[in-house]
Structures are given as C-alpha cells and as structure tokens.
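Engineer: Input: one structure, supplied below.
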Amino acid sequence: MYVGITGGIGSGKTTVADLFAENFSEAGAVVVHADELAHQVLAVGSPLIPEVARAFGVELVDDAGVLNRRALGNIVFASPSKLKVLESLVHPEVARLARLARDQAPSGSVVFYDVPLLVEKNMHEQFDQILVVESPMDLRRERLIRRGLTLDEIDGRVGAQATDLERRAIADFVIVNDAGLDRLADQVRNVWAALSA
Ligand code: ATP
C-alpha cells in the first residue's frame, strides 16, 4: 500500500511520518521523505550537480564537488522562472528515487511518502490513500519561528502552497495536530489501525 502524507509548512507531516516509522516499522511501515531525497539528489557526486552548475553558474560548486545550496536558494527564490528550471532538474529525480524506494519495500509493506507539494504537483492519483496533516496557523507560525524563519518568509511560503481546504478535498484521513506529541501519536495509531484493518 502506498500512502501520501502531506500538509502545509510547519503542520507536522514529517513528525507524523516519523511516528509511523518509530511505532510500526516492525509491522511493515516504510517511510520515505521527499525533502531527504531532494537533499540527496544535490549531494556530492550526484549526476545533477554538473547540470545545476551549467544552468546556474560553475561558481556554485567548489573543487570538492560541493554545491553551495544557500547561494542556489538565493538565486531561485528571487526568480520564479529560475525556480522552475531547478525544479525541472530536481523533481523527476526525486520522483524516480521515491518510486525506487516504494518498489524495493518488502511485499506487504505500507510505504508512506512524506511530500510537501502533493496537492500542488497533482500527485494524488499515485497513492492508494492520502493522509493530510493540519495545524492551526498560530501553532505553525510558532514552530516555524523556532526554526528560524521570519514572519515574512512564513507568509510567503504559506501563500505559495495549497490551502488546507484544497488538501482536505483529496484526503482519505485528516490528522489535526493541535496538541502535544502524545495526542499526535494516538492519532497516528488510529490511522495505522484503519489502514491495516
Ligand atoms: P515542513 O513543511 O517545513 O517540512 P512539517 O509539516 O514537516 O514542516 P514538522 O517538521 O513535522 O512539520 O514539524 C515542525 C516542528 O514542529 C518540528 O520541530 C516538530 O518537532 C514540531 N512539532 C510538530 N508537531 C508537534 C506537536 N504535536 N507537539 C510538539 N511539537 C510538534
């Protein structure tokens, strides 16, 4: 079974995915994070590095082959068309690695793919089930400020994402993450029970 986990920035989707991994790995849960794959495809030695250098400037890659992610981020977040170019390089490779992870999971696994832009990238048909994580905006802001984002950065990112309403429209399960981690773990347990019923 292939389950998409999504939610707005700071909603807690990665925490939810990690709770499935922590509690249900032995029962067959396999968790894949799109953000980790996106990081991996721009790591030293990745075949994408020369393409990124060609598209955005050779000075972004040092002699050891390390990409200056911060400088690349500054370039693409200042230019929607450049962001599109980067996405056109990164997204197909991330999708390929996600498919590989899903296909290599032992038979009978429940593979969870934690992917921020599931709705925005129209990915919902790939999944057997979709779990949406929601949190009140004030809590999301608090968490993101703790992570070092400014209010302007938060508003920009939230504004560029789908809304909770749009995510709910394609959800099979909704977890409202508005309390502590114990409560969240209970909700995760309930979803696991429903998925494995
Ligand atoms: P992003 O879109 O930025 O990747 P996300 O939706 O994956 O965010 P998380 O990284 O899971 O969100 O959570 C954001 C922060 O909030 C993390 O530091 C996490 O530990 C914390 N957090 C999430 N849910 C709870 C909760 N119920 N209680 C306490 N802390 C929480």
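The values are calculated or read from the model by the stated rules, or taken from the named source; none is laboratory data. It should be emphasised that the depicted structure is a prediction, and the values quoted were computed from it without experimental measurement. Counting neighbours? That spans all protein chains shown, and the Cβs are built from the backbone with ideal geometry, glycine included. Ligands, DNA and RNA are excluded from the accessible area calculation, which covers all protein heavy atoms including side chains. Shrake-Rupley method; radii C 1.70, N 1.55, O 1.52, S 1.80 Å.
Engineer: Determine the order of Phe77, Phe127 by accessible area, beginning with the largest, at a probe radius of 1.4 Å.
Structural biologist: Values: Phe77 150, Phe127 20 Å².
Most to least solvent-accessible, the answer reads Phe77, Phe127.
Engineer: Show Glu22, Glu120, Glu36 ordered by accessible area, largest first, where the area counts protein heavy atoms only and the probe is 1.4 Å.
Structural biologist: Of Glu22, Glu120, Glu36, the descending order of accessible area is Glu22, Glu36, Glu120.
Engineer: Now a separate question. From zero outward in steps of 10 Å, how is the percent of C-alpha pairs of the stretch 96-180 spread across the bins?
Structural biologist: Per 10 Å bin, starting at 0, the Cα pair percentages come out as 14, 40, 32, 14, 1.
Engineer: Tell me the mean residue ellipticity at 222 nm calculated for the chain from its helices only (DSSP H runs of n ≥ 4, each -39500 (n - 2.57), averaged over every residue, nearest 500).
Structural biologist: -16000 deg cm²/dmol
Engineer: Run the simple label-point estimate for Ala193 and Ala101 please: 7 Å along Cα→C-beta, distance reported in nm.
Structural biologist: About 2.8 nm, to one decimal.
Engineer: Moving to a separate point now. Mind listing the long-range amide H neighbours of Val174? Cut-off is under 5 Å, sequence gap 5 or more, other chains count too, H placed in the peptide plane at 1.01 Å from N.
Structural biologist: For Val174, the qualifying residues are Val132.
Engineer: Follow-up question, since we're still on this one. Over the stretch 1-143, what portion of Cα pair distances is larger than 26 Å, expressed as a whole percent?
Structural biologist: Tail fraction, whole percent: 34.
Engineer: Just to check I understand the Karplus step: with θ = phi - 60° and J = 6.51 cos²θ - 1.76 cosθ + 1.60, what whole-Hz values come out for the stretch 142-159, glycine and proline as x?
Structural biologist: For the stretch 142-159, the Karplus curve yields 4, 5, 6, 5, 4, 7, x, 7, 8, 4, 5, 5, 4, 4, x, 6, 4, x Hz.
Engineer: With a 1.4 Å probe and every protein chain left in place, work out the accessible area per residue of the stretch 37-89 in Å², rounded to a whole number.
Structural biologist: Each residue of the stretch 37-89 exposes 63 Å² on average to a 1.4 Å probe.
Engineer: Would you grab the residues whose amide H sits under 5 Å from the one on Ala29? Only those 5+ places off in sequence or on another chain, please, with H modelled 1.01 Å from N.
Structural biologist: Amide H neighbours of Ala29: Val110.
Engineer: At a Cα cut-off below 25 Å, give the lysines reachable from Lys13, other chains included and same-chain residues fewer than 8 away excluded.
Structural biologist: Of all the lysines, those that pass the test against Lys13 - Cα under 25 Å, at least 8 places apart if same chain - are Lys84, Lys121.
Engineer: When all protein chains stay in place, what accessible area (Å², nearest 10, 1.4 Å probe) is found for Asp103?
Structural biologist: So the heavy atoms of Asp103 present about 100 Å² to solvent.
Engineer: Also: Residue by residue, what Karplus-based ³J(HN,Hα) values in Hz, rounded to whole numbers, does the stretch 56-71 have, using 6.51, -1.76 and 1.60 with θ = phi - 60° and x for Gly and Pro?
Structural biologist: Result, rounded to whole Hz: 10, x, 5, 5, 6, 10, 7, 4, 8, x, 8, 7, 7, 5, 5, 5.
Engineer: Tally the DSSP beta bridges in the chain and give the antiparallel ones as a percent, rounded to 5. Provide the component values of the computation, followed by the final result.
Structural biologist: Values: 1 of 19 bridges.
In the chain, DSSP labels about 5 percent of beta bridges as antiparallel.
Engineer: Based on Cβ point charges of +1 for Lys and Arg and -1 for Asp and Glu, what charge dipole magnitude is obtained for the chain about its Cα centre, in debye rounded to the nearest 20? Display every interim value, and only then the final one.
Structural biologist: Numbers: 20 positive and 28 negative charges, 53 e Å.
Around 260 debye, computed over the chain.
Engineer: Each residue of the stretch 121-130 in turn: what ³J(HN,Hα) in whole Hz from Karplus with 6.51, -1.76, 1.60 and θ = phi - 60°, glycine and Pro shown as x?
Structural biologist: 9, 6, 9, 4, 6, 5, 9, 7, 9, 10
Engineer: In whole percent, how big is the carbon plus sulfur part of the accessible area of the chain, probe 1.4 Å, protein atoms only?
Structural biologist: Using a 1.4 Å probe with all protein chains present, the chain comes out at 52 percent carbon and sulfur.
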